[in-house]
Amino acid sequence: MKKVLIIEDEKDFHRILKRQFDLLLKGEKICLFFATSIEEAVEMFKLHQNDLSVISFDGCIAGGGTEPNTKILAEVFRKSFKGPMIAVSGQPAFRKILMEAGCSHQCPKDVLAEEITKILLGLG
């Protein structure tokens, strides 16, 4: 089973993503791990880094302000995680910063489920 870590603090978006994956993957099972803070993301990564297929980074979580506060996570995780990492934000400048920090893919939030699905199916 493929495992995906999604670093995203909007819990309503978690439910939306789960529904989108059910539709996109048509019965193929994946395990989604959601982290809503920097601390949770670090803990989840420590627990699952050897089994993760994809990691998604929202630009700002838990009151990040005007700068992407997940940049340091992308830099640290990239040192040991060699799989796909996705920079996610509605702001292209935030995605650019995360790409420079080690992400290999980028997209706005509204197409995150499609981007992860393409990666998991080997299409992206």
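We did not get these values from a lab; they are worked out from the coordinates using the rules stated. No experiment lies behind these values; they were computed from the predicted model shown. Note: ideal-geometry Cβ built from the backbone for every residue, glycine included; neighbour counts use all protein chains shown.
Largest GNM mean-square fluctuation across Ile61, Ile30, Ile16, computed for the chain with C-alpha springs under 10 Å, falls on Ile16.
Take the alpha carbon gyration tensor of the range 42-124, find the square roots of its eigenvalues, order them as a ≥ b ≥ c, and report rounded if a/c is under 1.5; if not, report prolate when a/b exceeds b/c, else oblate. Note, shape of the range 42-124 comes out oblate. Between the helical axis of 38-48 and the longest alpha-carbon principal axis of the chain there is an angle of about 50 degrees.
Taking 27 Å as the straight-line reach from the Cα of Lys46, the lysines in range (excluding those fewer than 8 positions away in the same chain) are Lys2, Lys3, Lys11, Lys18, Lys29, Lys71, Lys79, Lys82, Lys96, Lys109, Lys118. Charge tally for Lys96 (other residues, Cβ to Cβ under 13 Å; Lys, Arg +1; Asp, Glu -1): 0. Express the relative contact order of the chain as a whole percentage, based on alpha carbon pairs under 8 Å and six or more residues apart in sequence. Taking the mean separation of contacting Cα pairs over the length of the chain, I get 25 percent.
The distance separating the Cα centre of the range 88-102 from that of the range 28-48 comes to 20 Å. Note on the chain: GNM, Cα springs under 10 Å; of Gly59, Gly102, Gly90, the largest mean-square fluctuation is that of Gly90. Summed over qualifying helices (DSSP H, 4 residues or more, each -39500 (n - 2.57)) and divided by its residue number, the chain shows a 222 nm mean residue ellipticity of -13000 deg cm²/dmol. Between the amide H of Ser56 and those of Leu5, Ile6, Ile7, Ile86, distances stay under 5 Å, these residues lying 5 or more places away or on another chain, with hydrogens modeled in the peptide plane. Think of each Lys and Arg Cβ as +1 and each Asp and Glu Cβ as -1; about the Cα centre, that makes the dipole of the chain roughly 420 debye. A cut-off under 13 angstrom between Cβ atoms defines the neighbours of Lys11, and their net charge, with Lys, Arg +1 and Asp, Glu -1, is -4.
Within the listed set Ala113, Ala62, Ala101, the residue fluctuating most in the Gaussian network model of the chain (springs between alpha-carbon atoms under 10 angstrom) is Ala62.
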